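Participant: Below are the structure tokens for one structure; questions will follow.
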Amino acid sequence: MLDDITVDESVLALRPDFAVLVMTAHGLDNGPTDDRSRGWLSAASDLLSAEGEEEREARAAKIEAWREAYRLFGAKPSRTRPSVDALTRRLPLPEINQAVDAYNSISVKHALPIGGEDLDRYDGPARLVRAAGDEASEESLGTPDAGEVIWRDDTGVTCRRWNWRQVARTRLTEETVNALFILERLEPMTLEELKTAGEELADLLAELSPGVRVASRLLSGGK
């Protein structure tokens, strides 16, 4: 699965600094939010509240990079916000399920867009492309605009506007056993921080599911 994931050259033409760390987790034992995952969310919220001016400026720069990327393909980031922008405005952080709580806490900690997908609900490999405008989507999300950056599989859209909102079809649920996590980076975030975030997420998944098998692959520069 990881070897088949691709980022189209047309996306890299928009933002040559884009990189994505894709991670698979097989053998998850997911479940409803519990005290442990609630603690992860609380710690991430507390981190935001305790930030000094320098940390706030660094976080704002990372989020602004995504807002600028949205404008490049015609989206209005004040109307459809990048996922990390929307998430950091929701305090206290929402409780979804243990696996989602895990990646949301890492997303907020690093000001990094992260998506979680149910691998068993995928049809073919994930790929990041510029939309033709006729891709199958869910009614609640609407059809993507031509040129919009989307994640998709063989069936159609899995996430609109780069990382704005994912479809229900591939969403992580309490029944998810095999998952795909998508960690997306733009400068000024470094590749080293991206890798660190991935390692931290893998550690949380291992806490949830001691037998989980995690693999990862970094895609950047069209590779």
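Participant: Are any residues in the stretch 4-24 out of contact with any Leu (no Cβ under 8 Å at 6 or more places or on another chain) and either surrounded by 15 or more Cβ atoms within 10 Å (Cβ to Cβ) or not charged (D, E, K, R) (or both), and if so, which ones?
Facilitator: If the condition is that a residue be out of contact with any Leu (no Cβ under 8 Å at 6 or more places or on another chain) and either surrounded by 15 or more Cβ atoms within 10 Å (Cβ to Cβ) or not charged (D, E, K, R) (or both), then Ser10, Leu12, Ala13, Pro16 are the ones that fit.
Participant: Test Asp29 against the criterion of being closer than 27 Å to Ala179 by Cα, over 18 Å from the mean Cα position of the chain (by Cα) and either among the acidic types (Asp, Glu) or modelled with pLDDT under 95 (or both), and give yes or no. If you could, list the steps in order and put the result at the bottom.
Facilitator: Working: closer than 27 Å to Ala179 by Cα: yes; over 18 Å from the mean Cα position of the chain (by Cα): yes; either among the acidic types (Asp, Glu) or modelled with pLDDT under 95 (or both): yes.
Judged against the criteria, Asp29 is a match.
Participant: Collect the residues in the stretch 76-113 that are in a loop (DSSP other than H, G, I, E, B), among the hydrophobic types (A, V, I, L, M, F, W, C) and crowded, with 22+ Cβ neighbours inside 10 Å, keeping them in residue-number order.
Facilitator: Across the stretch 76-113, the qualifying residues are Ala111, Leu112.
Participant: Let me ask something additional. So which residues in the stretch 120-152 are buried (at least 18 other Cβ atoms within 10 Å of the Cβ) and under 15 Å from Leu2 (Cα atoms)?
Facilitator: Tyr122, Ala126, Leu128, Trp151, Arg152
Participant: While we're on this one: Which of the residues belonging to the stretch 4-28 are of a type in the set (Asp, Glu) and under 19 Å from Leu194 (Cβ atoms)?
Facilitator: Residues of the stretch 4-28 that are of a type in the set (Asp, Glu), as a first pass: 4, 8-9, 17.
Once the filter is applied, which keeps residues that are of a type in the set (Asp, Glu) and under 19 Å from Leu194 (Cβ atoms), the stretch 4-28 yields only Asp17.
Participant: Mind listing whichever residues of the stretch 1-17 are touching a helix residue (DSSP H, G or I) at 6+ places or on another chain (Cβ under 6 Å) and in a loop (DSSP other than H, G, I, E, B)? Step through it out loud before you land on a result.
Facilitator: Pass one, the stretch 1-17, residues touching a helix residue (DSSP H, G or I) at 6+ places or on another chain (Cβ under 6 Å): 14-15.
The one that is touching a helix residue (DSSP H, G or I) at 6+ places or on another chain (Cβ under 6 Å) and in a loop (DSSP other than H, G, I, E, B): Arg15.
Participant: Mind checking which residues of the stretch 125-155 are more than 15 Å from Phe181 (Cα to Cα), without any contact (Cβ under 8 Å) to a residue 60 or more places away in the chain and touching a strand residue (DSSP E or B) at 6+ places or on another chain (Cβ under 9 Å)? Steps first, please.
Facilitator: Applying the first criterion (more than 15 Å from Phe181 (Cα to Cα)) to the stretch 125-155 yields 129-150, 154-155.
Next, from what is left, pick out any that are without any contact (Cβ under 8 Å) to a residue 60 or more places away in the chain: 131-144, 146, 150, 154-155.
Once the filter is applied, which keeps residues that are more than 15 Å from Phe181 (Cα to Cα), without any contact (Cβ under 8 Å) to a residue 60 or more places away in the chain and touching a strand residue (DSSP E or B) at 6+ places or on another chain (Cβ under 9 Å), the stretch 125-155 yields Ala131, Glu135, Ala136, Ser137, Glu138, Ser140, Leu141, Gly142, Thr143, Pro144, Ala146, Ile150.
Listed here are the residues, each with its yes/no results for (1) modelled with pLDDT of 95 or more; (2) touching a helix residue (DSSP H, G or I) at 6+ places or on another chain (Cβ under 6 Å); (3) of a type in the set (D, E, K, R); (4) farther than 21 Å from Ser83 by Cα.
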| residue | (1), (2), (3), (4) |
| --- | --- |
| Asp118 | yes, yes, yes, no |
| Arg121 | yes, yes, yes, yes |
| Gly133 | yes, no, no, yes |
| Arg165 | yes, no, yes, no |
| Thr176 | yes, no, no, yes |
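Participant: Kindly indicate which of Leu191, Leu186 is modelled with pLDDT of 95 or more, farther than 24 Å from Glu95 by Cα and surrounded by fewer than 15 Cβ atoms within 10 Å (Cβ to Cβ).
Facilitator: Numbers: Leu186 fails: surrounded by fewer than 15 Cβ atoms within 10 Å (Cβ to Cβ).
The match here is Leu191.
Participant: A follow-up question, please. Of the residues Leu183, Leu194, only one is of a type in the set (A, V, I, L, M) and in contact with a Lys or Arg (Cβ under 6 Å, 6 or more places away or on another chain); which?
Facilitator: Numbers: Leu183 fails: in contact with a Lys or Arg (Cβ under 6 Å, 6 or more places away or on another chain).
When all the criteria are applied, what remains is Leu194.
Participant: To continue, here is another question. For the condition closer than 21 Å to Ala60 by Cα and touching an Asp or Glu at 6+ places or on another chain (Cβ under 8 Å), what is the one hit in Pro144, Pro77?
Facilitator: Details: Pro144 fails: closer than 21 Å to Ala60 by Cα.
After applying the criteria, what remains is Pro77.
Participant: Are there any strands (runs of 3 or more DSSP E) wholly within the stretch 122-223 with 3 or more residues that are farther than 17 Å from Asn104 by Cβ, and if so which? Full working, then the answer.
Facilitator: Details: elements: 127-130, 149-152, 157-160, 178-185, 213-220.
The qualifying strands (runs of 3 or more DSSP E) are 127-130, 149-152, 157-160, 213-220.
Participant: Considering every residue within the stretch 203-210, establish whether at least one is within 23 Å of Arg81 (Cβ to Cβ), modelled with pLDDT of 95 or more and either buried (at least 16 other Cβ atoms within 10 Å of the Cβ) or within 16 Å of the chain's Cα centre (by Cα) (or both). Quick ask: steps written out before the conclusion?
Facilitator: Going through the stretch 203-210, the residues within 23 Å of Arg81 (Cβ to Cβ) turn out to be none.
Within the stretch 203-210 (the criterion being within 23 Å of Arg81 (Cβ to Cβ), modelled with pLDDT of 95 or more and either buried (at least 16 other Cβ atoms within 10 Å of the Cβ) or within 16 Å of the chain's Cα centre (by Cα) (or both)), the answer is no, since none of the residues qualifies.
Each row is one residue, and each column tells you yes or no for (1) closer than 22 Å to Glu117 by Cα; (2) in contact (Cβ under 8 Å) with a residue 12 or more places away in the chain.
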residue: Leu2; (1), (2): yes, yes
residue: Asp34; (1), (2): yes, yes
residue: Trp40; (1), (2): yes, yes
residue: Glu51; (1), (2): no, no
residue: Arg56; (1), (2): no, no
residue: Arg71; (1), (2): no, no
residue: Val84; (1), (2): yes, yes
residue: Arg90; (1), (2): yes, no
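The values are calculated or read from the model by the stated rules, or taken from the named source; none is laboratory data. No experiment lies behind these values; they were computed from the predicted model shown. All Cβ positions, even for glycine, are placed from backbone atoms using ideal geometry, and neighbour counts span all protein chains on display.
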